[in-house]
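Below is one structure, written out as structure tokens; comments come after it.
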Amino acid sequence: MDKEDALNAAKLKHAELVKKIRKADAEYYQDDAPSLSDAEYDKLRQELEKLESEFPSLENAASPSQTVGAAPAKGFAKIRHEIPMLSLGNVFSEEELNEWLAKTRRFLNMEEASPLEIIAEPKIDGLSCSLRYEQGVLIQAATRGDGAEGEDITQNVKTIEGIPHTLKGNAPEILEVRGEIYMGKKDFEALNKAQEARGGKTFANPRNAAAGSVRQLNVEVTKERPLAFLGYALGQVSESLGQSHYEVREKLKSFGIPETFYAISDDLMGLMQNYEQVLEGRADLDYDIDGIVYKVNDLALQERLGFVARSPRWAIAHKFPAEKAVTKLLDIDVQVGRTGVLTPVARLEPITVGGVVVSNATLHNQDEIERKDIRIGDYVVIQRAGDVIPQVVEVLLDKREGDPPKFEIAHECPRCGSLAIREEGEVAIRCTGGLICPAQAVERLKHFVSRLAFDIEGLGAKIIEEFYEDGLIKSPPDIFTLEERNKGSLTPIRAREGWGDLSEKNLFASINERRVIELNRFIYALGIRQIGEATAKMLASAYGSFEALRLAMKQASDHEAEAYTNLINMDGIGASMADDLIGFFSESHNEDVLDGLMQHIEVKPYIAPKAVDSPVAGKTLVFTGSLNISRSEAKAQAERLGAKVAGSVSKKTDYVIAGEDAGSKLKKANELGVTVLSEDEWKTLIA
Ligand code: IVH
């Protein structure tokens with residue numbers, strides 16, 4: 001074969017390889033349905049690289065060797081939100097809506113009947129996105145992620161028709177618009193048909209289709225998907241856009257941002273009429289909505305109302321009723337959770353509810369099964385609302401055949417066989433196996449790597465289960481020694497079914513990325529009973545470093561110690577929570593896990609989100625007597641300024657703010673020599 005023939009043969013081979021790799025890429029990235037194993041895929045890539053190194057003229061910018069490959073390893077870059085992206089509280093009925101309105105008025109110290117303008121918008125069922133414009137040019141787009149940090153989807157978002165790359169008119173220097181990316185119902189159906197025709201993956205509903213289309217490493221795929229955007233809120237802005245949400249919407253519209261439809265009303269009846277109307281017209285809309293979002297229209301009032309935990313006080317979602325369906329209860333399984341709670345789960349004859357196939361539903365606990373008299377073989381009504389796990393609403397008793405036995409959760413753990421007990425006053429039945437129970441160990445590991453904890457991409461639930469089974473990861477420190485142990489292993493991860501060089505490399509990369517972790521995430525990751533995300537944050541901010549927290553918890557095991565008093569004096573920490581915390585840190589196995597972890601990771605000391613610079617930051621205050629603003633607003637305002645608000649006066653109190661008719665607390669403050677401020681003095685102090 002002469003040189004030219006060899007080159008021609010190489011060209012053919014090259015074209016064939018490129019085609020195969022492109023096809024595999026499409027299956028993997030676009031359809032989430034790879035037909036090659038990682039190993040087979042890696043082999044193709046190696047062949048391609050070898051060929052290109054022998055015949056450098058084949059290598060060009062379009063070759064897969066130059067493009068993909070690296071991209072999936074990195075995934076999407078993370079973006080911190082200057083202003084967190086929050087979620088919304090829910091109401092489900094007119095009564096609850098009324099209660100929310102009343103509470104909002106109370107917070108603002110408004111009369112019960114005084115007008116409070118509310119703007120109502122549809123709640124779009126898509127995925128939220130923050131668009132950042134600087135000097136009127138779209139420079140960044142991010143998903144919500146965990147609210148504090150999202151993924152950089154700028155390139156994908158730029159392909160969405162309807163999202164302007166440049167704003168019209170005089171846009172502020174910095175403008176972040178938040179809204180929902182969605183897929184229209186007709187477009188969704190057409191996409192599914194097309195996917196089906198070419199043997200690709202179909203999507204369960206428009207929301208999944210939208211999310212799957214945006215989170216594409218290959219931007220070309222996003223470009224071909226019919227996505228749209230509707231704006232509904234602001235993030236960071238360099239100047240005010242108006243005095244009401246309505247005015248903001250109008251401004252955004254004038255810049256070219258698509259906005260949702262809306263209604264404005266200042267009473268419950270008007271809001272309910274709008275709700276009914278939208279609910280009725282819902283089917284005719286070309287996009288899915290799952291409720292109405294109410295927002296206090298006046299931005300100055302919004303500012304006063306502020307936030308509680310992860311949601312604004314000035315907005316609420318009024319959810320549409322859950323969709324229901326009837327199906328047969330085939331069996332009841334008992335699952336063991338992270339803290340040993342046994343949860344009965346209904347295995348159902350699969351049925352479509354609101355576009356999603358449901359085959360499991362939670363039955364909560366023994367009491368719930370008895371209350372609803374649920375028995376295996378029954379026909380049951382199930383419902384599904386949004387992302388919530390499907391529930392069994394009721395049993396259709398007239399369809400029951402014969403008299404099937406009642407179901408009772410055995411007092412024995414289905415996984416480890418340990419005794420399961422129901423403690424006084426608790427509804428839950430708990431496995432007492434603790435650390436010897438594999439189910440608990442696995443659930444704890446899953447929690448440890450979950451999104452709000454270590455957030456390790458590539459260590460999903462299924463992989464954790466497999467790795468646990470095979471002894472690769474038995475407890476959290478094992479995660480961080482996995483790479484080292486894998487090096488000399490005769491059965492390395494890349495040789496496992498479904499794995500390859502690339503995915504192995506990616507897994508270690510995402511583990512290594514998380515060797516440094518924020519204190520609050522770390523505390524949450526430990527999965528201590530009753531310690532959720534918010535409490536973890538509070539503990540992080542109170543103790544500052546992990547060493548300090550650990551030491552304090554050791555000391556607090558003596559209930560006489562100051563450490564114990566400090567702990568239970570924290571807002572939101574009661575005696576039972578304190579017991580769980582102290583118990584966790586004194587358990588010797590947990591100590592081993594912590595010591596093990598500390599050899600491989602670094603826990604970053606907690607840095608308060610925004611160091612508030614105010615004359616009352618770090619001070620302890622007590623409000624007493626009747627004030628002009630509501631007590632809740634006073635408390636929220638003080639907390640925003642970095643102060644702690646306590647319920648009773650002690651030596652540690654810095655200020656007592658006394659309104660009219662102040663009584664015993666004022667007296668105590670005077671006795672202890674604590675500084676007492678009038679409401680006006682307080683206002684001047686924080687002005
Ligand atoms: S306002 C500060 N308005 O619902 C909160 N959210 O469950 C700003 N959503 O994360 C949100 N339609 O993704 C708002 N008209 C609307 C909405 C809307 C859909 C989504 C949004 C949010 C989620 C909360």
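The values are calculated or read from the model by the stated rules, or taken from the named source; none is laboratory data. As the structure is a prediction and not an experimental result, all values here were calculated from the model. Here the Cβ positions follow ideal geometry from the backbone for every residue, glycine too, while neighbour counts run over all protein chains shown.
A few remarks follow.
- Within segment 163-174, the set of residues being surrounded by fewer than 19 Cβ atoms within 10 Å (Cβ to Cβ) and within 16 Å of the ligand (Cβ to nearest atom) is empty.
- In segment 78-93, residue nearest to the ligand (Cβ to nearest atom) [restricted to those that are closer than 16 Å to Ala120 by Cα and surrounded by 15 or more Cβ atoms within 10 Å (Cβ to Cβ)]: Leu88
- Restricted to segment 469-528, and to residues there that are of a type in the set (Ser, Thr, Tyr) and crowded, with 20+ Cβ neighbours inside 10 Å, the residue that is farthest from Tyr543 (Cα to Cα) is Ser503.
- Only one entry in Thr159, Thr143 is touching a helix residue (DSSP H, G or I) at 6+ places or on another chain (Cβ under 8 Å), away from the ligand (no atom under 16 Å from the Cβ), under 15 Å from Ala210 (Cβ atoms) and touching a residue at least 60 places away in the same chain (Cβ under 8 Å), namely Thr159.
- Answer residue from segment 252-273, given it is part of a helix (DSSP H, G or I) and closer than 22 Å to Pro312 by Cα and is nearest to the ligand (Cβ to nearest atom) among those: Leu252
- Those residues of segment 374-425 which are surrounded by fewer than 18 Cβ atoms within 10 Å (Cβ to Cβ), within 30 Å of Glu323 (Cβ to Cβ) and small (Gly, Ala, Ser), in sequence order: Gly377, Gly386
- Of the residues making up segment 287-317, those that are within 11 Å of the ligand (Cβ to nearest atom) and part of a strand (DSSP E or B) number 13.
- One residue stands out in segment 114-140 among those that are assigned to a strand (DSSP E or B) and surrounded by fewer than 18 Cβ atoms within 10 Å (Cβ to Cβ): the one that is farthest from the ligand (Cβ to nearest atom), namely Val137.
Okay, residues lined up against (1) β-branched (Val, Ile, Thr); (2) crowded, with 18+ Cβ neighbours inside 10 Å; (3) closer than 30 Å to Cys416 by Cβ:
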residue	(1), (2), (3)
Ile257	yes, yes, no
Ile292	yes, yes, no
Ile316	yes, yes, no
Val334	yes, yes, yes
Gly340	no, yes, yes
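- Selected residue (only one of Val612, Val676 is crowded, with 18+ Cβ neighbours inside 10 Å, at negative phi and either more than 28 Å from the chain's Cα centre (by Cα) or at pLDDT below 95 (or both)): Val676
- Candidates Ser359, Ser418, filtered to the one that is free of Cβ contacts under 8 Å to residues at least 24 places away in the same chain, closer than 30 Å to Ala204 by Cβ and either touching a strand residue (DSSP E or B) at 6+ places or on another chain (Cβ under 8 Å) or not basic (Lys, Arg) (or both): Ser359
Residues are listed down the side, and each one gets a yes or a no for (1) surrounded by fewer than 16 Cβ atoms within 10 Å (Cβ to Cβ); (2) closer than 19 Å to Thr260 by Cβ; (3) within 16 Å of the ligand (Cβ to nearest atom):
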residue: Glu176; (1), (2), (3): no, yes, yes
residue: Gly184; (1), (2), (3): no, yes, yes
residue: Glu189; (1), (2), (3): yes, no, no
residue: Gln195; (1), (2), (3): no, no, no
residue: Gly200; (1), (2), (3): no, no, no
residue: Ala204; (1), (2), (3): yes, no, no
residue: Gln216; (1), (2), (3): no, no, no
residue: Glu224; (1), (2), (3): yes, no, no
residue: Leu234; (1), (2), (3): no, yes, yes
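Okay, residues lined up against (1) within 20 Å of Arg529 (Cβ to Cβ); (2) over 22 Å from the mean Cα position of the chain (by Cα); (3) modelled with pLDDT of 95 or more:
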residue: Glu401; (1), (2), (3): no, yes, no
residue: Val427; (1), (2), (3): yes, yes, no
residue: Thr432; (1), (2), (3): yes, yes, no
residue: Gly458; (1), (2), (3): no, no, no
residue: Lys462; (1), (2), (3): no, no, no
residue: Pro477; (1), (2), (3): no, yes, yes
residue: Phe480; (1), (2), (3): no, yes, yes
residue: Glu483; (1), (2), (3): no, yes, yes
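- Only one entry in Ala548, Ala536 is of a type outside the set (Asp, Glu), part of a helix (DSSP H, G or I) and buried (at least 17 other Cβ atoms within 10 Å of the Cβ), namely Ala536.
- Single unsatisfied condition, Phe107 versus (1) buried (at least 20 other Cβ atoms within 10 Å of the Cβ); (2) within 16 Å of the ligand (Cβ to nearest atom): (2)
- Of the helices (runs of 4 or more DSSP H) that lie entirely inside segment 358-470, those containing 3 or more residues that are closer than 30 Å to Asn590 by Cα span 438-449, 461-469.
- Against the list (1) out of contact with any Lys or Arg (no Cβ under 7 Å at 6 or more places or on another chain); (2) modelled with pLDDT of 95 or more, the condition Leu519 fails is (1).
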